[in-house]
Amino acid sequence: MRWLTIWATAVVACFGLVCAAALYDTRQDAKKAAREATVNIGRVVADGIRRDIELVDLVLQSILNGLRVAEAEGLDPYRRHRLLFDNLPPVRGVGNLVVLDREGNMVTDTNSVMPRGMAFDDRDYFQVHKGSSNSGLYVSQPFYSRLTNLWSIAVSRRVTREDGSFGGVVAGTLCVAYLESLFQRLDLRQHGVIMLLRANGAVMARYPAEYAQLGQGLSGIELFRHYPASDSGYYETKASPIGLARLYSYAAVPSVPLVVLVGMADTDIYSAWRSKAWIISSLTLLLCVGTLVLGWMLRREFTLRLAAERSALRSETRYRVLAENSADIIAMSRADGTVTYISPAIKDVLGWAPNEIEGRSVNDFVQDDYAPLFSGGEQSWPRMLTFPARHRDGAWVWLEASVRRLPPETGDDRYVLTIRDVSRRKKIEDALAAENAQLQAMAVTDSLTSLANRRRFDEVLEREWRRARRDQSPLALLLIDADHFKALNDHYGHQHGDRYLRTLAQLIQGSLRRPADMAARYGGEEFAVLLPDTDLEGAYRIAEAIRQGAQDARLPHEKSDLGVMTVSIGVDAMVPEDGESPEALVRRADAALYAAKRQGRNRTCVDEPHGA
């Protein structure tokens, strides 16, 4: 198959070209991202330094105003110090604020009221203001401060007297270490560098820190071929003396002759790209090798598949002969449930002709309440499915299907179904289930009164007790006894007594309003009513309603004191605590019932601790 070789070669070539193009694009993207990152970092740092210098300038102008007031009012040194420094806002990175006189002697500073006897007439910031009345805000060369023993940069302004003469200098020192700490927070990778330079090339601050470079001039570097002609930009060069290639971005600090220089090494910029390039190249090589192997395998697969198709055709012919002579329905479907073949036996079971079903989904003939025959996900094979199918006349017929999945080598996913009519068996199963449900109901129901029996009462009491203990809610119990029931049986007979109990059961059941409330025959002529989420007061009202209802029914009872049916009721309610059992509630309700009997019957009593 010559075309297969040509196809494989073309695919390998395309893979190589795509890989090269992708690697080139990702390299350019990495460079662009680094350029944008360094430019943004430079601008942000420049803007931050500008804000810091502006804050220092505001402080200096406040001190200048204070000096004018102090001189006008002739304030003593202590009051002058308080006027100058007490209400100044805090400024990040400022080491000290000083006032120098016209000779360069320190008059006062933030940490000392009286002069310290130190002179700073040798500093560049003093000389600049002394020599020019228009110097404005001046940012000095970095110097090692004699006050703080730290490398610092002075931000200063001239003190001009009322006659226009030179009156000294006010200055604030920015700590170089503060700038370096700001630079250190920036992610410039392993070989990155950031510097703050003066317009003349002097190094003001640098990270990684090299204090030997502070104040040194770098006017010959590539930066000054672009700056100050442009306030911001980028360029590429090799850093001396190590020859490390870097991408540099620069941004001028507005209003002051400073520029921020940010450099990122090529090794850092392309480190992630090199890792990805190695992975992509390796994968491309594997894909090329895999393509060549796949071409060989496809050629072999075509040969095997042709042989398999011929074998499947012969097998399908034999299968159709067997299916069309089977009493069971034989069907074949795709994974989506579309029937591709169904045997003639379908007409005997559902009344449909095979051509009326083939090409349609199996689910078109199944009740909507039943899940589709072929739902997604992994399934165990074979599967047994029981479902109602629609007969041609509209009736529903219960069917049982054994579903088997054909081997993958036969082509796309297909399934074979062996289906039979199980309507008669389903009717028998439904009848057995109904009888079983009836027996279960009878097992928990009192046959005479149709109330729950003692067994059911004990189960519900245990369950509600656990729930009430978990929710810390009250659970109430009523124990009801028919008054003089033995005398009634002896006088009227047992059949009359049974009718008496049935009537009483109906009356009790009719007094309950909530689904969770339960009435049960507790034994003989005794009944129990369980009331979840009901306190003693609510339970007492229900008990009184039952007692009064029994009396108002006016059922004859000649052996009773009133000549009619009456009941005695014991009531109790409690919130279960840990360690208590439901028997405690039963005992208390039973004690209340006996109290009702002792007090003359036809009454409702609560347990003595509640009634006290």
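The values are calculated or read from the model by the stated rules, or taken from the named source; none is laboratory data. Note that the coordinates shown come from a computational prediction; the quantities given were computed from them, not determined experimentally. Using ideal geometry, Cβ is built from the backbone for each residue, glycine included, and neighbour counts are taken over all protein chains shown. We work out accessible area using only protein heavy atoms, side chains counted, and drop any ligands, DNA or RNA first. Shrake-Rupley method; radii C 1.70, N 1.55, O 1.52, S 1.80 Å.
With farther than 30 Å from residue 65 by Cβ, among the polar types (S, T, N, Q) and open to solvent by 20 Å² or more (accessible area, probe 1.4 Å) as the only criterion, which of 232, 249, 255 stands out?
Numbers: 249 fails: open to solvent by 20 Å² or more (accessible area, probe 1.4 Å); 255 fails: farther than 30 Å from residue 65 by Cβ.
Checking each option against the conditions leaves just 232.
What pairs can you find where one residue is in segment 335-355 and farther than 15 Å from residue 416 by Cβ, the other is of a type in the set (D, E, K, R) and open to solvent by 10 Å² or more (accessible area, probe 1.4 Å), and their Cβ atoms are less than 7 Å apart, with a gap of 6+ or different chains?
344/324; 349/421; 350/392; 351/392; 351/393; 352/392; 353/347
Residues are listed down the side, and each one gets a yes or a no for (1) part of a strand (DSSP E or B); (2) closer than 30 Å to residue 284 by Cβ; (3) open to solvent by less than 90 Å² (accessible area, probe 1.4 Å); (4) of a type outside the set (A, V, I, L, M):
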{"site": "7", "(1), (2), (3), (4)": "no, yes, no, yes"}
{"site": "21", "(1), (2), (3), (4)": "no, yes, yes, no"}
{"site": "62", "(1), (2), (3), (4)": "no, no, yes, yes"}
{"site": "75", "(1), (2), (3), (4)": "no, no, yes, no"}
{"site": "95", "(1), (2), (3), (4)": "yes, no, yes, yes"}
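Being basic (Lys, Arg), crowded, with 19+ Cβ neighbours inside 10 Å and closer than 20 Å to residue 244 by Cα is the filter here; which residues of segment 167-218 pass it? Break it down stepwise before answering.
Pass one, segment 167-218, residues basic (Lys, Arg): 185, 189, 198, 206.
Next cut, crowded, with 19+ Cβ neighbours inside 10 Å only: 198, 206.
Once the filter is applied, which keeps residues that are basic (Lys, Arg), crowded, with 19+ Cβ neighbours inside 10 Å and closer than 20 Å to residue 244 by Cα, segment 167-218 yields only 206.
Quick one: which of 158, 185, 146, 206 is under 30 Å from residue 271 (Cα atoms), among the charged types (D, E, K, R) and in contact (Cβ under 8 Å) with a residue 12 or more places away in the chain?
On the way: 158 fails: under 30 Å from residue 271 (Cα atoms); 185 fails: in contact (Cβ under 8 Å) with a residue 12 or more places away in the chain; 146 fails: under 30 Å from residue 271 (Cα atoms).
It is 206.
Which residues, counting only those in segment 350-366, are open to solvent by 30 Å² or more (accessible area, probe 1.4 Å) and within 15 Å of residue 396 (Cβ to Cβ)?
363, 364
Against the condition over 38 Å from the mean Cα position of the chain (by Cα) and modelled with pLDDT of 75 or more, how does residue 335 come out, does it pass? Before the answer, list the steps.
Numbers: over 38 Å from the mean Cα position of the chain (by Cα): no; modelled with pLDDT of 75 or more: yes.
When the stated conditions are applied, residue 335 does not pass them.
Quick one: would you say residue 538 is out of contact with any Asp or Glu (no Cβ under 9 Å at 6 or more places or on another chain) and loosely packed, with under 14 Cβ neighbours inside 10 Å?
Working: out of contact with any Asp or Glu (no Cβ under 9 Å at 6 or more places or on another chain): yes; loosely packed, with under 14 Cβ neighbours inside 10 Å: no.
No; evaluated as a whole, the condition is false for this residue.
Scan 575, 571, 567, 586 and give me the residue that is in contact (Cβ under 8 Å) with a residue 40 or more places away in the chain, of a type in the set (Val, Ile, Thr) and farther than 25 Å from residue 446 by Cα. Working first, answer last.
On the way: 571 fails: farther than 25 Å from residue 446 by Cα; 567 fails: farther than 25 Å from residue 446 by Cα; 586 fails: farther than 25 Å from residue 446 by Cα.
None of the others qualify; the one that does is 575.
Under 7 Å between Cβ atoms, at least 6 apart or on separate chains: pull out the pairs that start in segment 263-279 with a residue that is closer than 16 Å to residue 24 by Cα and end on any residue that is open to solvent by 60 Å² or more (accessible area, probe 1.4 Å) and not polar (S, T, N, Q).
Pairs found: 270/27; 273/27.
Please pick out the residue among 56, 91, 99 that is in contact with a Gly (Cβ under 6 Å, 6 or more places away or on another chain) and touching a residue at least 60 places away in the same chain (Cβ under 8 Å).
Values: 91 fails: in contact with a Gly (Cβ under 6 Å, 6 or more places away or on another chain); 99 fails: in contact with a Gly (Cβ under 6 Å, 6 or more places away or on another chain).
Answer to the check: 56.
Out of 575, 567, report the one residue that is closer than 19 Å to residue 591 by Cβ, under 54 Å from the mean Cα position of the chain (by Cα) and not small (Gly, Ala, Ser).
Working: 567 fails: under 54 Å from the mean Cα position of the chain (by Cα).
None of the other options fit; the residue is 575.
Do any helices (runs of 4 or more DSSP H) lying entirely in segment 427-542 carry at least 2 residues that are modelled with pLDDT of 90 or more, within 52 Å of the chain's Cα centre (by Cα) and within 23 Å of residue 577 (Cβ to Cβ), and which ones are they?
Working: elements: 454-471, 485-492, 494-510.
Those helices (runs of 4 or more DSSP H) span 454-471.
Those residues that are within 18 Å of residue 169 (Cβ to Cβ), over 55 Å from the mean Cα position of the chain (by Cα) and at pLDDT 85 or above, I need them from segment 62-79; list them, please. Working first, answer last.
Of all residues in segment 62-79, those within 18 Å of residue 169 (Cβ to Cβ) come to 62-68, 70-71.
Next, from what is left, pick out any that are over 55 Å from the mean Cα position of the chain (by Cα): 64-68, 70-71.
Hits for segment 62-79 are 64, 65, 66, 67, 68.
For segment 226-262, enumerate the residues that are farther than 28 Å from residue 50 by Cβ and touching a residue at least 24 places away in the same chain (Cβ under 8 Å). Lay out the reasoning, then the answer.
Going residue by residue through segment 226-262, those that are farther than 28 Å from residue 50 by Cβ are 238, 240-245.
Listed by number, the list holds a single entry, 244.
Mind listing whichever residues of segment 32-60 are open to solvent by less than 50 Å² (accessible area, probe 1.4 Å) and within 17 Å of residue 233 (Cβ to Cβ)?
Result: 34, 37, 38, 39, 41, 42, 45, 46.
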